[in-house]
Amino acid sequence: QLVRLGFATADAPLLLADGPESICFDSEGFFVHSKDKKRKGEKFSRGQVVAVVLNLDTKSPNAHTVSLFVDGVRASDPMPLPEGLRGKELYPAVTYKNVSLEVSFGPQALRALPFKCCLLGEAATADCVVKKTVLGEKCEVVLPVGVPDEGTFDCVDHFLAKNRGYVELSNRAIVEWAVKSGVPRPPTSKQTSKDKPEALFGIPLLDDSSIHRVITAIAPALQRNYVIMEVKGNLLSDDRKVTLAHFANFKKTAMVAVGEPSAEHLTWVREALLKEKKEKAMLEAKRKRAEASRKKAIEEQRKKAEAARKRSAEAAKKMKEAKEKKDGDKGKDEDEAKAEEEEEKAEEEVAEAEQKEDDEAEAQEEGTVELTAEEEKLKFLPKATTDLSSKDLAASFTKFSIPQASEGFDKVSFLWENESKSQEYLVSWMQARKLTQRVDDLKPSRWFKGKWSEWTKMLNEWKRLHAELRDPKKREAVLKKRRQEKAKKEREARGEEEDEEKVDEPEEEMEIDIDDLDVFAVDDVSDIGNGKPLFSNFVYEDWALASLRFELHLLCHAFKRDLDDPERPAFHTQHLEFYYNKYFGKPLVLKNYGVPELKDLVDMVKDTVEIGKSSTLEAQLADDTPLDNFVKLSEDHRRDRQRRLDAGDESALLKFARAPPPGSRPGDKPPQRPVPQGRPGPGSRSAAYGGRPPSGPPSRYGSAPAPGRGSVPSFGGQKRSYPSTPGSVYGGPAKAPRSSSGALPSGYGSKATVGGSVYGTGAYGASAYSATPSSAYGGFRR
């Protein structure tokens, strides 16, 4: 329970003690003016009569004072009226919480006072200012309209500072009223927006905005001027119409502050910044003074204790020597006492001089507070919380509009720019937001689901074929079956009948060097002509990049199709992880691809997507690009990395983290992998199928482990040196001659493989790279 009783100016805030325009006594015995609160009176409570007396009689010794009386007895000394309130019209005011009051303006006092004075009801006309209400005059409701985070609240605060007769109706205002009313609230409450701040008082009617709805409902019944402060609501045409219909009998004004701020607003912002900076400087100076005073008090106590100890020791010594001294020594003792008094007086003078110097230094420091060059350039006051939450902004900004008189406004006032420039600014702002704001309610279309299903099915078939050809037990059977199926199709195409005697005859394997092929000239990536696929040398990293290419490609085109907004054909890179998870149902983890930033990830697949000038992710291929093109791009990338590695460029070494198998738990050891085998040496084809390991000097990457059981076969033979691929999007040095054997060092799951071997030795083998391509394909001729 709390009661505050006092006087305020006509422009004072609704609550007493909320600013310098009012003074009051409260039921706890405090006298309050602005932020100054002192205990100057007695407490009063239930059943008592309280009177506050304003003395403006210039002949009285207590002129320009205010006093508190409880049950007719003086309860405080006369308190001086602040200079800022002298000569102004003062109105009696009361603020109360959880109590019922009976207010009396006379003419009879409820309790007699010890002196004669006039109550307000019998005051002389000459001592009062009477304002007559003009009949038929409408109150005004103002709707501020501004771009989020561009000074809308600053503009409202500036308006309310100049027009004290207006009351702000908003969630922000209700929270401020509750805090000033003493409702406890956690100081660390994190807010998501200023437009709809969370109350977080722990009181249901406050936290669920019930009080806001009640106040809004009864506001039109009161004859007051209102400012409806709703950033999002005032920017939406439908919400504006609802508000105007609610205040049907009011004068309706739209106050538009959009575009480049006016000179008046910029001046107000600088003054507010300087005022805030000075207040912080004063608080800091006050803190330093308190700290200095504390240290000084401790030092003085230490000195006094030391002096007392010395005096005690000297007194004991003198008492011991007093027996031996004569009566003539009395004058000497008096001289010593006088010297001590003079010394103490000198110390006090020094302390006073030091305090004066400290005060002067602090006053000088407070007086030199100025704005920095960066602060001078600010157009809006810096805020810790955005005007709208990211969710509200993303869901509504495309429907923002400038108010029109046709909506029902009596007046549309443009404070900064004229109507046409304000409209242009809002349109350009919305277009810029479309490139940066994400769409939370976007849903994958049937077109996306069909493309994704088609790719998943095809990718699984390619991986199954790749695994079968890498298995020594299945490889020959698979190749034979594929050659027979191919021959059968060719005969059927020529119209020939199948010869049963030639069905089981082995066909000689066609000699095709994969690295000599133009990847983009291959018709079927699963068969380059001899039953072997173009992705024969693919390893984990190559498949991962192929999938990443298609996923980013599909995501870019699906976003454009599903949103169907010509002004927003692509999304900002900062939302890639959000859309990736929304469409594919899995997170995009950069560290799994061994890169720290998104731009490094995009750089690996820049033949498919790129980051545009507006930091948007843009597709480089058409939406109807064949699926096997992504395999071809991955093979071209693999060859380019291999050339760079052969030339000594270690930056081409990929470091991908392998995803754990489904159902695995944290801390499980990675599965054991087959022992990798080296590629066959020059002129030795059987080495790829379990023959002798290649001989020769080791390469700079180390030697390859000996092939044996579980070796990974290689395909084809190298007939000549590998020419650099013209027009590669990855660049890099031309291919250098390669050794006949050797392997690159790596660790399990940490370094990419681009040759014929997939895995390292054992579970954590020493080689994730097989021998260089020349040994894998039978060497080369000079």
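The values are calculated or read from the model by the stated rules, or taken from the named source; none is laboratory data. Remember, predicted model here, so these are calculated numbers, not experimental data. As a convention, Cβ positions derive from the backbone with ideal geometry for all residues, glycine included, and neighbour counts pool all protein chains shown. The protein model used for the area step is the full one, side chains on, heavy atoms only, and it has no ligands, DNA or RNA in it. Shrake-Rupley method; radii C 1.70, N 1.55, O 1.52, S 1.80 Å.
Between SER237 and GLU492, what length comes free when the chain is fully extended (0.36 nm per residue of separation minus the Cα-Cα distance, one decimal in nm)?
Numbers: separation 255, 0.36 × 255 = 91.80 nm, distance 6.97 nm.
Gain on extension, SER237 to GLU492, equals 84.8 nm.
Please give the residues of the range 83-104, grouped as numeric ranges, whose backbone N is less than 12 Å from a label point set 7 Å along the Cα-to-Cβ vector of SER181.
From the range 83-104, the list is 96-99.
Apply 1/(1 + (r/R0)^6) to the Cβ-Cβ distance of LYS295 and THR368, taking R0 = 30 Å, and write down the FRET efficiency to the nearest 0.05. Walk me through the intermediate numbers first.
Details: r = 25 Å, r/R0 = 0.82.
The value I calculate is 0.75.
Tell me the label-point distance for the pair ALA305, SER100, using the 7 Å Cα-to-Cβ offset, in nm and rounded to one decimal.
Rounded to a tenth, the inter-label distance reads 6.0 nm.
Would you mind working out the accessible area per residue for the range 544-642, using a 1.4 Å probe, and quoting it in Å²? The partial results should precede the final answer.
Details: 3940 Å² over 99 residues.
It amounts to 40 Å² per residue over the range 544-642.
How large is the convex hull of the Cα atoms of the range 366-473 per residue, expressed in Å³ as a whole number?
Here the figure is 296 Å³ per residue.
Rank SER27, SER209, SER45 by accessible area, highest first, at a 1.4 Å probe radius?
Correct descending sequence by accessible area is SER45, SER209, SER27.
Under a straight-distance cross-link criterion of Cα-Cα below 23 Å, which lysines are reachable from LYS320, leaving out those fewer than 8 residues away in the same chain?
LYS310, LYS330, LYS332, LYS338
How much net charge surrounds VAL242 when only other residues with a Cβ under 14 Å from its Cβ are counted (Lys, Arg +1; Asp, Glu -1)?
+1
Projected area of the range 33-179, taken from the Cα convex hull and averaged over every viewing direction, in nm²?
12.9 nm²
Over the Cα atoms of the range 550-630, compute the convex hull volume and normalise it per residue, giving Å³.
Enclosed volume per residue, from the Cα hull, is 101 Å³.
In square angstrom, what is the accessible area per residue of the range 384-465 with a 1.4 angstrom probe?
58 Å²
At R0 = 41 Å, how high is the FRET efficiency between GLU567 and GLU650 if r is their beta carbon distance? Nearest 0.05 is fine.
Details: r = 45 Å, r/R0 = 1.09.
Calculated transfer efficiency: 0.40.
Cross-link partners among lysines for LYS443, C-alpha distance below 21 Å, same-chain residues fewer than 8 apart left out?
The reachable lysines, counting only those whose Cα sits under 21 Å from LYS443, are LYS391, LYS399, LYS434, LYS451, LYS560, LYS582, LYS586.
Check cross-link reach from LYS486 to the lysines: straight Cα distance under 26 Å, and skip same-chain residues fewer than eight apart.
LYS457, LYS463, LYS473, LYS474, LYS502, LYS532, LYS632, LYS719
Any idea what the dipole of the range 1-136 comes to, in debye rounded to 20, about its Cα centre with Lys/Arg Cβ at +1 and Asp/Glu Cβ at -1?
180 debye
Which order do TRP416, TRP177 take by accessible area at a 1.4 Å probe, largest first?
TRP177, TRP416
Using a probe of 1.4 angstrom, how much of the accessible area of the range 1-48 is carbon and sulfur, in percent? List each step's numbers first, then the result.
Details: 1190 of 2600 Å².
That fraction is 46 percent.
Using only Cα atoms, what Kirkwood radius does the range 50-104 have, in angstroms?
12.8 Å
Heavy atoms only, 1.4 Å probe, whole protein assembly: order LYS37, LYS532, LYS190 by accessible area, highest first.
LYS190, LYS37, LYS532
What would the Debye formula give as log10 I(q)/I(0) at q = 0.17 Å⁻¹ for the alpha-carbon point model of the range 545-592, no solvent?
-0.50
Using the heavy atoms of the protein chains and a 1.4 angstrom probe, tell me the accessible area per residue for the range 6-155 in square angstrom.
61 Å²
Given the Cα-Cα distance of SER445 and GLU461 and 0.36 nm per residue of separation, how much length would full extension add, in nm?
3.3 nm
Quick one: go through the range 1-44 and flag any residue whose amide nitrogen is under 18 Å from the point 7 Å out along the Cα-to-Cβ line of ASP71.
27-29, 41-44
Using a 1.4 Å probe, how large is the accessible area of ARG483, given in Å² and rounded to the nearest 10?
So the heavy atoms of ARG483 present about 50 Å² to solvent.
Leaving out ligands, DNA and RNA, and with a 1.4 Å probe, what % of the accessible surface on the range 376-471 is carbon or sulfur?
After summing per-atom areas, the C and S share lands at 50 percent.
Where Rh is the Kirkwood radius over the Cα pairs of the range 501-655, the temperature 10 °C and the viscosity 1.306 mPa s, what D in µm²/s does Stokes-Einstein return?
It diffuses with D of about 91 µm²/s by this estimate.
Run the accessible area of the range 222-317 with a 1.4 Å probe and give the carbon-and-sulfur part as a rounded percent.
Of the solvent-accessible surface of the range 222-317, carbon and sulfur hold 55 percent.
Against the empirical 2.2 N^0.38 Å scaling, what ratio does the C-alpha Rg of the range 117-163 come to?
Its radius of gyration relative to the 2.2 N^0.38 Å reference: 2.03.
For the range 1-99, state the semi-axes of the equivalent ellipsoid (square roots of 5 times the eigenvalues of the alpha-carbon gyration tensor), sorted largest first and rounded to whole angstrom.
Ellipsoid semi-axes (Å, largest first): 20, 17, 11.
With a ≥ b ≥ c taken as the square roots of the eigenvalues of the C-alpha gyration tensor of the range 175-269, please select rounded if a/c is under 1.5 and otherwise prolate if a/b is larger than b/c or oblate if it is not?
In terms of gyration-tensor shape, oblate.
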